[in-house]
Amino acid sequence: MVQETFEIQIIPAILGRSLEDVHEQLSRVSRLVPLVQIDVCDGKLTPEATWPYNKHGEADFENFLTEDDGLPFWESVNFEIDLMTKKPEDEIEKWVRAGASRIIIHFESTDPDKLGEIIATLRQSDVEVGISLDVSTPLDVLEPLEEYIDSVQLMGIDRDGFQGQPFDEVVLDRVRQVREKFPFMHIAVDGGVNLETAADILDAGADRLVVGSALFESYDIEETLREFQML
């Protein structure tokens, strides 16, 4: 079970093809939660590119970096950026400038020897650091990183960058192992999280649920979010 000191967080996950997509999805949850995750895919680490790494997003993302305007709804919600890009070391400073309060780096996205430098850069920028692990990535890679990161994100699906995939139950045991070995680390599960899988994920020891299609494809987002929060 989750340590009593942890508050359970339900984090809506936004995967947009354009800034309009991102804006529309943010408009549906920004008044309901303090933080959202924006999934950004470069089409190299993942099969397809999403905003702002596709042809629809390059120009308007540059505007965020050169003008005073921030990401949509920046005044009412904080942003966790799930950075699904090759060589994240080339991208993190842009997202810090764009207003990220937490950045998730995928362990598989870069040379492990570069992770220390990436984490140090984020620390200097006062941004929280999370490391995401694919289902097949050994958990022992966390050991040298434990004291430098704020959280681990365990992927619950096989293919990063796609919402609506079935949950891989092997992740439940991975959550238990991380909770046992690192009792004071925040653990998020991303992928396949819905009202049927969420209770088991929390019971295994996670304290953060990253929810995409189960929330945005529901009939009533506010009611669905309330159901998650009551688990």
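General observations
- Residue within region 181-191 that is touching a residue at least 24 places away in the same chain (Cβ under 8 Å), part of a loop (DSSP other than H, G, I, E, B) and closer than 12 Å to Ala13 by Cβ present: yes
- Screening Asp190 with (1) over 18 Å from the mean Cα position of the chain (by Cα); (2) modelled with pLDDT of 95 or more gives one miss only, at (1).
- Residue tally, condition in contact (Cβ under 8 Å) with a residue 60 or more places away in the chain and under 12 Å from Val77 (Cα atoms), over region 9-27: 2
- Residue in region 151-164 that is of a type in the set (Val, Ile, Thr), part of a strand (DSSP E or B) and either out of contact with any strand residue (DSSP E or B) (no Cβ under 8 Å at 6 or more places or on another chain) or surrounded by 15 or more Cβ atoms within 10 Å (Cβ to Cβ) (or both) present: yes
- Here Ser27 clears all of (1) closer than 19 Å to Ala214 by Cβ; (2) under 18 Å from the mean Cα position of the chain (by Cα); (3) among the small types (Gly, Ala, Ser) except the condition numbered (2).
The values are calculated or read from the model by the stated rules, or taken from the named source; none is laboratory data. If you're wondering where the values come from, they're calculated on a predicted model, not measured in any experiment. Here the Cβ is made from the backbone with ideal geometry for all residues, glycine too, and neighbour counts use every protein chain on show.
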